[in-house]
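Below is one structure; the comments refer to it alone.
None of the figures in this text is laboratory data; all of them are computed from the coordinates on show. Everything quoted here is computed from the prediction, not taken from an experiment. Here the Cβ is made from the backbone with ideal geometry for all residues, glycine too, and neighbour counts use every protein chain on show.
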Amino acid sequence: KKIIIINGPNLNLLGKREPNIYGSLTFTEFFDTVKEKYPNVNLEYYQSNIEGEIIDKIQECGFNYDGIILNAAAYTHTSVGIGDAVKAIETPVVEVHISNTFSREEFRHQSFIAPNAKGVVLGFGLQSYELAIQSFL
Ligand code: DQA
């Protein structure tokens, strides 16, 4: 299976950004252990702080990958463009969040991605990504 994790803005700061909410592990540390745990999955990782680059990546992978795991971070709550990209492609998308967005500010309760996602995993810390991987196996 060919699966890509796409992370949106500020997720490059994982490990040092609000560790009380997002944990103290960097994403690459987490990604390395997850890759070892699922050696049969062809797992890729992409991160961008730029909305258009995230849309480009979704389009690029959206017709030839088996799954996209998307944490669009703050763009989840604002981006009609990323929502439309998820709708436009063939590859199923699982929306992921590290934190439980429903236990946080009201503006984090809306998602432009969820209506077109295969499913949503949130609130389990970095384990949310692993649960999303398992959903494709
Ligand atoms: C997040 C939740 C978003 O509301 C926030 O803007 C993020 C991270 C999460 O993974 O919990 O940057 O997507």
- Inter-residue pairs, beta-carbon under 9 Å, first within 15 Å of ALA73 (Cα to Cα) and in the range 14-34, second surrounded by fewer than 15 Cβ atoms within 10 Å (Cβ to Cβ) and of a type in the set (A, V, I, L, M), 6+ apart: TYR22/LEU13
- Taking the range 110-135 and keeping only residues that are more than 15 Å from the ligand (Cβ to nearest atom) and surrounded by fewer than 17 Cβ atoms within 10 Å (Cβ to Cβ), one is left with PRO115, LYS118, GLY119, GLN134, SER135
- Query: What about GLY83, is it touching a helix residue (DSSP H, G or I) at 6+ places or on another chain (Cβ under 8 Å), on the phi > 0 side of the Ramachandran plot and not hydroxyl-bearing (Ser, Thr, Tyr)?
  - Reply: no
- Would you please name the residue that is farthest from the ligand (Cβ to nearest atom), looking only at residues in the range 58-81 that are in contact (Cβ under 8 Å) with a residue 60 or more places away in the chain and of a type in the set (Val, Ile, Thr)? ILE68
- Criterion (of a type in the set (A, V, I, L, M) and in contact (Cβ under 8 Å) with a residue 40 or more places away in the chain) met by exactly one of ILE5, ILE55: ILE5
- Flag if GLU18 is within 12 Å of the ligand (Cβ to nearest atom) and among the acidic types (Asp, Glu): yes
- Message: Please pick out the residue among ILE69, ILE89, ILE55 that is surrounded by 14 or more Cβ atoms within 10 Å (Cβ to Cβ), within 12 Å of the chain's Cα centre (by Cα), within 15 Å of ILE6 (Cβ to Cβ) and not acidic (Asp, Glu).
- Response: ILE69
